[in-house]
Amino acid sequence: MSQKSLSLFLPCAAGVEDFLRAEVGQTLGRSHSSLSQSQRGGVALMGDQSDVMLLNLHSRLCQRVLIRMAHAPYRSELDIYEVAKAVEWDAWFNASRTFKIEITAQHSPLKSLNFAALRVKDAICDRFRDLVGERPSVDTRYADMRVYVHLTAEQVTLYLDTSGEPLFKRGWREEVGEAPLKETLAAAMLAAIGWEQASSQGVPLYDPCCGSGTIAIEAAQIACHIAPGLNRFFAFEKFDGFAPEPWEALRQEALARIRTSSAAIYASDVAHRMVDFAQRNAERAGPQDMVSKAIHFRGGDALQRMPPVELAAGQAGLLILNPPYGERIETGGFSKAMTEDGQDFFALLATHWKQNFAGWTGWILSPDLKLPTRMRLKESRRVPMWNGPIECRLFKFDMVKGAAREVKAAQA
Ligand SMILES: C[S@@+](CC[C@H](N)C(=O)[O-])C[C@H]1O[C@@H](n2cnc3c(N)ncnc32)[C@H](O)[C@@H]1O
């Protein structure tokens, strides 16, 4: 299919839309104006099957790549049934595949979303039975095909998912601690801080609370030009008429682009168990140990660890972290100074950074809008981002030279 006749929708976390739009433009070599406006929670565009494969393979920011199959007004479940039955599902998959329905709604007047989902399931089964005498079975856990239904007050939209497992599942993160970041959110933080360009200029990056290593591993994959989808399977591989050759050609092109990182990446965590997890995740995240070789992992307390590398005059360094929230922070020398909810951690971190990290820029993802006050630092930027249902800001703090003198004066 060479014309861009597929209507695609790429859902993403709220706040990430503009970064995703830029990523889609870069991946498909298209100007921004050729992509439709980002909607809240995603980006819509026209594309073809090659675009579907490219986006699944290369997107670090979207949750899945959906094909819009129908968009129509409705008033009842019967209308939804008719809309779903008219869709040519049989042009995409056959009756031997399993499928499942996911439904979301905003202001829908219908009483039961489950019943609406059931009617879409019936419509698909009836269409197959009428056409070929057999129907695909439902599998709510490991379905080959996923159909998304979205209802607004008056419109129903049906999508066929080309990704299968959501795209944040890259295939390398097998070991996690508590509150791991989704890979797509880590990638959004890295997009917001301009990491792709910074890494090509050799700017070092350090995550001092790395947990299972998500930020550092995503950063290394970006710096090594490793496509995030190289290590996994996609639903489109089970579409009827799927041609393995063009897909393999895109994978080979992506493999040929991999190179060693120009930037050093550092990651540490106070929990040595987490550092082991992160190390093993990194070993799975790239061919020939490229990712694990790009990251220097260490144990240690973020409040005590000194800069992992000396910055040359005029050179910048990036600190980035998804800190622990609320839980007690068991640190070496500082644990006694902390309140039960870890309140003082940020004040102590700010002091440590001012004293020792001049020239570095710190980026912290936090739901606490008062974080700068707690740290007694003025942020130079705040980027809105959602961590699942939690509204956060990614705060930017510039650690300028001279800040250390202020701290010493205040202590004196
Ligand atoms: C929210 S988790 C980070 C999750 C990580 N981004 C991931 O995706 O797995 C916070 C991490 O901070 C670590 N931590 C807590 N106190 C610390 C300290 N004082 N120094 C360094 N790490 C600390 C915890 O062990 C935990 O792994």
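The values are calculated or read from the model by the stated rules, or taken from the named source; none is laboratory data. Note that this is a predicted model, so its numbers are computed, not measured. Don't worry about glycine lacking a Cβ; one is built from the backbone with ideal geometry, like all the others, and counts go over all protein chains shown. Ligands, DNA and RNA are stripped out before the accessible areas are found, and what is left, the full protein with its side chains, is counted by its heavy atoms. Shrake-Rupley method; radii C 1.70, N 1.55, O 1.52, S 1.80 Å.
Out of Ala188, Ala220, Ala198, Ala216, which single residue is within 12 Å of the chain's Cα centre (by Cα), at pLDDT 95 or above, among the small types (Gly, Ala, Ser) and assigned by TED's automatic domain parsing to the domain that holds Met385? Can you show your working first?
Numbers: Ala220 fails: within 12 Å of the chain's Cα centre (by Cα); Ala198 fails: within 12 Å of the chain's Cα centre (by Cα); Ala216 fails: within 12 Å of the chain's Cα centre (by Cα).
Only one candidate qualifies: Ala188.
Quick check on the stretch 255-286: of everything there that is away from the ligand (no atom under 13 Å from the Cβ) and without any contact (Cβ under 8 Å) to a residue 40 or more places away in the chain, which residue is most open to solvent (accessible area, probe 1.4 Å)?
Arg257
Which members of the stretch 182-195 meet the condition of being over 11 Å from Glu218 (Cα atoms) and open to solvent by 30 Å² or more (accessible area, probe 1.4 Å)?
The one that is over 11 Å from Glu218 (Cα atoms) and open to solvent by 30 Å² or more (accessible area, probe 1.4 Å): Gly194.
Within 8 Å of the ligand (Cβ to nearest atom) and at pLDDT 95 or above, is that true of Arg305?
yes
Could you give every pair whose Cβ atoms fall below 9 Å, whose first residue belongs to the stretch 191-213 and is in contact (Cβ under 8 Å) with a residue 24 or more places away in the chain, and whose second residue is away from the ligand (no atom under 16 Å from the Cβ) and basic (Lys, Arg), counting only separations of at least 6 or pairs across chains?
Ala192/Arg381; Ala192/Lys396; Ile193/Lys396
Which fully enclosed helices (runs of 4 or more DSSP H) of the stretch 228-305 have 2 or more residues being of a type in the set (Lys, Arg)?
Result: 272-284.
Would the stretch 25-32 turn up any residue that is of a type in the set (Gly, Ala, Ser), at pLDDT below 95, at positive phi and open to solvent by less than 50 Å² (accessible area, probe 1.4 Å)?
no
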